[in-house]
Each structure stands twice: as structure tokens, then as C-alpha cells.
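Comments concern the structure below.
The values are calculated or read from the model by the stated rules, or taken from the named source; none is laboratory data. Please read all numbers here as calculations on a predicted model, not as lab measurements. Positions of Cβ are generated from backbone atoms using ideal geometry, with glycine treated the same way; all protein chains shown enter the neighbour counts. To get the accessible areas, we keep the full protein, side chains included, count just its heavy atoms, and leave off ligands, DNA and RNA. Shrake-Rupley method; radii C 1.70, N 1.55, O 1.52, S 1.80 Å.
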Amino acid sequence: MAEPEPPPPLPALARLSFALGHFLNDLCASMWFTYLLVFAHAVLGFSTAHAGALLLVGQVADGVCTPLVGFESDRSAGCGRYGRRKSWHLAGTICVLLTFPFIFSPCLGCTEATPRWAALIYFVPFVVIFQFGWAATQIAHLSLIPELVTSDHEKVELTAYRYAFTVMANVTVYSVAWLLLHFQLGHTGPTDHLGKHDIHVFRNLALIVVGVGAVFSFLFHLGTKERCAPQARPPEPQEHTPLLPRAHKSPPRPLLLWKHWLLEPAFYQVAMLYMATRLIVNLSQTYIAMYLTNSLRLPKKFIATIPLVMYVSGFISSLLMKPVNKWIGRNLTYFAGLLIILAFASWVVLDSQIEAEVYGAAVLLGAGSATILVTSLSMTADLIGSNTHSGAFVYGAMSFTDKVANGLAVMAIQNLHPCPTQLCCAGCVEFYRWVMVLVTGGVAVVATICLCCIMIWPIRVRFHDVAVLPLAGAVPGEAGSTEERSRSSTVN
């Protein structure tokens with residue numbers, strides 16, 4: 001029997017609608033990684049350890065929720081005809097909208113006499129619920145990529161569109177933050193340094209984030225149509241199942257379950273590369289504000305302008321991903337991004353008194369981060385391939401490694417801080433400078449090793465002892481039964 005025809009290319013309007021689906025998450029992630037430590041330490045007055053603990057709680061909660069959400073998303077059927085991915089996306093969006101503003105607001109009912117540990121406990125439930133919602137939205141959105149499109153270049157294009165809106169979300173956050181800080185300086189002008197007087201800036205920024213993100217999420221649900229996909233469970237025989245075999249009409253289709261992914265070496269290859277990528281992107285975003293204000297001694301408006309330059313550079317780079325990927329391939333595109341990251345780290349090492357040149361360094365960091373992030377997500381989509389029924393678990397497991405690794409890395413850095421209780425000291429100057437070097441250049445070296453392993457041992461997905469999903473009219477005992485089968489396919 002002839003192979004089924006591939007689905008038609010996704011219309012331009014549908015691609016645009018899909019790209020809007022992660023905008024709220026990206027807005028919140030931009031604030032979370034860039035401003036949480038600054039807000040908790042410099043504005044609320046938490047110690048460096050308590051500020052790091054708050055971020056660690058969020059990362060661990062996200063890391064635990066992500067694979068669980070992925071597993072359940074693959075098993076669930078969705079709300080009626082709404083679709084399983086979009087159902088989880090909607091539930092996650094609601095959780096994010098209801099909790100995020102409380103994270104960047106002062107503790108309700110707390111006074112100056114309230115112990116800091118009690119204030120920390122106040123924020124924990126909001127952080128956990130927010131991270132659950134963030135994970136549900138992220139996994140549902142990523143899992144739609146291999147279900148909406150099938151060809152490699154379409155996956156890269158869809159991932160590039162998604163990252164383009166990620167960059168736009170970051171640009172939005174930093175532009176609004178700059179406006180809020182500029183408005184404050186222009187009318188009240190208390191100081192160029194962060195403090196308790198800046199609480200309303202972060203609170204208003206969080207409210208604007210959830211307001212804009214809610215509109216984009218509504219447009220995503222309105223314009224994205226989820227295609228039906230098989231659920232990750234073998235079918236049970238029904239009363240009307242014939243006892244005698246029918247004529248064979250179509251070959252069996254292997255059904256790769258979540259437990260089979262854990263036996264795939266390629267699964268761990270991609271997971272390590274994805275974890276290294278996220279460490280570079282997230283940790284550099286987390287500590288860039290500290291580096292600017294403490295190491296370079298720049299005014300607080302730079303915590304908005306420099307990240308803005310980074311993400312404009314990343315946006316331009318994301319537009320070049322499709323032609324560059326066609327020209328030199330996935331692996332060399334990723335390696336080119338690593339070279340740009342290493343150039344940034346070398347610049348920070350060699351020039352300890354960066355002034356106007358910080359804009360050039362920001363361009364390098366933004367371009368390199370965009371390149372490696374888009375490419376690593378495309379590699380993950382390639383790994384999943386046609387196994388979209390368990391795609392959410394794969395994305396969940398990948399995110400688990402990066403979230404936990406990021407949280408532990410931040411906690412380790414915070415505990416090494418030379419002045420844990422003060423807002424700043426002389427040791428902060430060199431401390432944050434070397435933090436930026438290690439979280440970019442140091443992790444880039446690890447990512448290079450992971451990439452070399454993939455180039456030496458190309459990613460291959462093997463199917464062993466996998467339950468077979470029968471198609472309509474398949475012969476029981478041949479194409480319709482569960483048998484031991486083995487086949488392998490090379491990804492990209």
C-alpha cells in the first residue's frame with residue numbers, strides 16, 4: 001500500500017499564530033531570570049543565599065513539573081475536541097496569570113520586624129504554582145512543533161519564528177523596564193542605585209507583562225488548530241474486533257513510549273547539549289544585571305538597555321537561522337554560535353574596564369545565545385521525529401535537566417558571594433566579572449565537548465521491543481499484535 005501523503009505545509013497565518021503561544025512565558029521568563037535576584041536582594045533586602053534559594057525553589061519546581069506534565073500530556077486526550085496540547089497550554093496560562101504578579105510585589109502583611117525567612121516562605125507557593133503553569137505552557141507549545149510540521153526545514157523555521165517572538169518578548173520587557181526607570185528618574189530622581197523605592201517599578205512591570213501576555217495567549221488559542229495524534233498507549237481489543245484476519249492493508253507503525261526513550265543513547269546526547277545551552281543562555285541572563293551594576297558600576301538604567309541590545313542582536317540572528325542551517329547544517333551552525341559566545345567571554349576576561357564597548361559585547365552574547373538555542377531546539381525536534389505521541393515527555397525530560405542544573409548553579413554561585421548580607425562590596429567587582437566568564441566561556445567548552453560527541457557518534461534512534469500500533473484493517477498476529485521488533489533511523 002502507498003505511503004500516506006504528508007500533511008500540507010502550515011499556512012503563514014497559522015505559523016504566526018503558533019509563534020504567539022509562548023509569548024507570555026517568554027515575558028515572564030525574561031523578568032524571572034534577569035530581575036528576580038536583583039529584586040530579591042537589592043530591592044526587598046534578602047541575603048544572597050535567600051535570593052538564590054527563591055530562584056532554586058522555582059527551578060526545582062519547574063524541573064519536577066516539566067517531565068510529569070510531559071508524561072500526562074502525552075497520555076491525556078484533552079478537553080473534548082480542544083486538543084490535548086492546547087488544553088494543557090490553557091491550564092498553564094491561567095496559573096501563570098494568577099500568580100506571577102505576586103512574585104514581584106512586596107510581601108502582603110509583612111513589616112520591618114518580619115523575619116526574612118518568613119517572607120521567603122510567603123513567596124514559595126506563588127513561585128511553585130507559577131512554575132507549574134510555566135512548565136505546562138512550555139511543554140504543550142514545544143510538543144506542537146513536530147505535530148504541526150514534518151520536514152526538518154519547517155521545524156527549523158517554526159522554531160526560528162518561536163524564538164523571534166521570544167526575542168520580541170524580551171525586548172518588550174526591557175523597553176518597558178527602561179521607560180519605568182526613566183519615568184522614575186525624570187520625576188522623582190532619588191538615586192541611580194536600586195533600593196526599596198523601586199518596588200513599584202517591578203510591580204508595575206509584572207502587571208504589564210501579564211496583561212500583554214494574556215492578549216497574545218488568546219490569539220494563539222484562537223488561531224492554532226491542533227492536529228489529531230495517536231495517544232501513547234496500545235489499543236485494547238473491542239467487542240467488535242474480528243477473530244479472523246483481514247487482508248493486510250498497511251504496515252505497522254512503531255509506538256515509542258516514554259520508557260523506551262530512557263534506553264536511547266541519543267536521548268542523553270541531546271539532553272546534555274540542551275542542558276549546556278540553557279546554562280549559557282539562562283545564567284548569562286541572570287547575572288548580566290549584577291555584572292553591569294556591581295562590576296562595571298553602571299547606572300541602573302543599563303539593566304534594561306544592555307539586555308535590550310542583546311535581544312535585538314538575537315532577533316536578527318534568529319532570522320538567519322534557516323539559510324545558515326541549509327548551508328552548513330545543524331552541527332556547524334551550533335559550533336558557530338559557540339565561537340561567538342567564546343569571543344564574548346574572551347572580551348570580558350581581557351578588558352576588565354569595559355565602558356562604551358559593553359554594547360559590542362552585548363551584541364556578541366545575544367547573537368551567540370540565539371544561535372545555539374534555536375539550533376538545540378531544532379535538534380530536539382529532530383530527535384522526536386515522527387514519535388509525536390511521546391514528544392511532550394522528551395521536551396519535559398530535557399527541561400528537567402536544564403531547570404535543575406540552573407537552580408543548583410545559581411545557588412552555588414550565591415553561596416560563593418564575597419558579601420552575602422551587604423548589597424555590594426569591593427569583592428563584587430571581580431566576583432561578577434568572573435561569574436560572567438565562567439557561565440559563558442566555561443559552559444561553552446562543555447557544550448563543545450557534547451557537540452563533538454554528537455559529531456563522532458551521530459544521533460540515532462533505535463526501536464527495541466516496542467509495542468506496535470495497528471492501523472485500520474491490520475492483520476491480528478501480524479501487523480496488529482504486539483511483537484518484538486527492531487529498527488533504527490538516523491536523525492538528520
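A few comments on the model shown:
- Beta carbons closer than 7 Å, at least 6 apart along the sequence or on distinct chains, pair a first residue in the range 293-310 that is farther than 15 Å from His182 by Cα and open to solvent by less than 30 Å² (accessible area, probe 1.4 Å) with a second that is of a type in the set (Lys, Arg) and not in a loop (DSSP other than H, G, I, E, B) for Ser295/Arg433.
- Pairing each residue of the range 171-182 that is touching a residue at least 40 places away in the same chain (Cβ under 8 Å) and closer than 22 Å to Ser318 by Cα with any residue that is in a helix (DSSP H, G or I) and of a type in the set (S, T, N, Q), provided the two are 6+ apart or on different chains, yields C-beta distances under 6 Å for Val173/Ser30.
- Scoring Gly133 on the criteria (1) open to solvent by 50 Å² or more (accessible area, probe 1.4 Å); (2) more than 16 Å from Leu36 (Cβ to Cβ) leaves a single failure, condition (1).
- Residues of the range 88-100 satisfying the condition of being open to solvent by less than 20 Å² (accessible area, probe 1.4 Å) and of a type outside the set (A, V, I, L, M): His89, Gly92, Thr93, Thr99, Phe100
- Qualifying residues in the range 245-270 (those that are of a type in the set (A, V, I, L, M) and open to solvent by 10 Å² or more (accessible area, probe 1.4 Å)) - the one modelled with the lowest pLDDT: Ala247
- Ala345 fulfils the conditions (1) within 21 Å of the chain's Cα centre (by Cα); (2) touching a residue at least 12 places away in the same chain (Cβ under 8 Å) except for a single criterion, (1).
- Scan of the range 136-164 for residues that are at pLDDT 80 or above and open to solvent by 30 Å² or more (accessible area, probe 1.4 Å), ordered by number: Tyr161
- Of the residues making up the range 354-374, those that are in contact (Cβ under 8 Å) with a residue 60 or more places away in the chain and more than 16 Å from Phe315 (Cβ to Cβ) number 1.
- On inspection, Thr172 passes the criterion of being out of contact with any helix residue (DSSP H, G or I) (no Cβ under 6 Å at 6 or more places or on another chain) and either in a helix (DSSP H, G or I) or not polar (S, T, N, Q) (or both).
- Breaking point among (1) part of a helix (DSSP H, G or I); (2) modelled with pLDDT under 65, for Ala392: (2)
- Evaluation of Tyr274 against the conditions (1) outside any helix (DSSP H, G or I); (2) of a type outside the set (S, T, N, Q); (3) surrounded by 24 or more Cβ atoms within 10 Å (Cβ to Cβ) shows that the sole unmet condition is (1).
- Single match in Val124, Val209, Val128 (criterion: touching a Cys at 6+ places or on another chain (Cβ under 9 Å) and open to solvent by 40 Å² or more (accessible area, probe 1.4 Å)): Val128
- Check on Ala51, of a type in the set (Gly, Ala, Ser) and more than 21 Å from Thr137 (Cα to Cα): yes
- Every residue from the range 311-354 that is open to solvent by 10 Å² or more (accessible area, probe 1.4 Å), farther than 19 Å from Lys155 by Cα and not in a helix (DSSP H, G or I): Asp351, Ser352, Gln353
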